[in-house]
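Read-outs throughout are calculated quantities, based only on the coordinates presented, and are distinct from any laboratory measurement. Nothing here was measured: the structure is a model prediction, and the numbers come from that model. In this analysis, Cβ positions are derived from the backbone assuming ideal geometry, glycine residues included, and neighbour counts consider all displayed protein chains.
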Amino acid sequence: MKIAVRGGHNFSVRGASGLIDETTEDRKVKDSVISVLKSNGIEVLDCTSPDSYNTVSSDLVYGVDKANNWSADLFISIHFNNAYDSYNGKLGTETIVYSGFDMAKRIANKIAELGFVNRGMKEDTRGLYELKHTNMKAVIVECCFVEATEDVALYKKVGPEGIAKAIVEGILNINLNNKVDTPEQNYNNLIEYQAHIQNIGWQDRKHGGETAGTTGQSKRLEALTIKWKGKGKLCFAGHIQNLGWTSTRTSGEVVGTIGESLRLEAIKIWLEGSD
């Protein structure tokens, strides 16, 4: 198999920018994808344009023509997505194709296994140049969103190497042991929590390391529920505005108040019998 890999945009015609910069990061992922593919015996061509191609059209034509002239069997273009000026939370990963095929679905699924929201494979026949003008099957990989706080935090945690391994796993339908089951990851999966916020209500459930609540919106945290799936008995108590400390709660129970306009001001959490 001959695979052409392109880093989206270049530094003369830059991509999206937010908490991270698309062009900077897609280069890192692209280089790692090429390295992992080569280590697995795949013939690879880098179709990323030099910065001298300083218009959007010339940048796109460079990559597609290079892949076509090389007679590649597959074209992979690495990108990072953008939808808002800023976003507090997670938006996820997706692949875009002209017409659906299993490999593109696998790539999205493999990246999502790292913890990203899976937006799946999307078909786009509107005329995206990389999809319409390549002579081979082509996949645009949108690794995550540059403005989404939780996407960026997770991307920094897994690194471009982690994303690249997931992409290659999807391409080759193999397991590269990309996701190491460390004790920290175990604990993150074992704890689940959900926050009730002023004027919003219950948020979606979160897991270890994810943010529950709001920042910069001046909204009070009113209640919290925590579930623990590990060994031992999870206990917690909350300090409520004007009321003081609650009695002890256990896994699955709620601490705080709803509909009383009172802040949950502090919380203490502990495990009993975890040995």
Compute the FRET efficiency between S261 and T215 as 1/(1 + (r/R0)^6), taking r as their Cβ-Cβ distance and R0 = 22 Å, and round to the nearest 0.05. 0.60
Shape of the chain from its Cα gyration tensor (a ≥ b ≥ c, root eigenvalues): rounded if a/c is under 1.5, otherwise prolate when a/b > b/c, or oblate? prolate
Pairs of Lys in the range 28-116 closer than 22 Å at Cα, counting only those 8 or more apart or on different chains: 12
Under a point spin-label approximation (7 Å from Cα along Cα-to-Cβ), what is the D51-A83 distance to one decimal in nm? 3.2 nm
Sorted by packing (mean other beta-carbon atoms within 10 Å per residue), highest first, where do 21-29, 136-144 land? 136-144, 21-29
About the Cα centre of the chain, what is the dipole size in debye to 20, counting +1 per Lys and Arg Cβ and -1 per Asp and Glu Cβ, all else neutral? 440 debye
Between S99 and I200, what is the label-point separation in nm under the 7 Å Cα-to-beta-carbon projection? 4.4 nm
Between H239 and L271, the FRET efficiency computed from the C-beta separation at R0 = 22 Å comes out, to the nearest 0.05, as 0.65
To the nearest 20 debye, the range 78-213 has a Cα-centred charge dipole, built from +1 on Lys and Arg Cβ and -1 on Asp and Glu Cβ, of 280 debye
Which of the helices in the chain meet the span-like rule: DSSP H, Cα axial reach of 18 Å or more, Kyte-Doolittle mean at least -0.5? 56-70, 149-172
Filtered hits (aspartates and glutamates, Cα-Cα < 12 Å from K157, offset >= 8 within chain) -> none
Centroid-to-centroid separation of the range 129-169 and the range 27-78 [C-alpha atoms, Å]: 14 Å
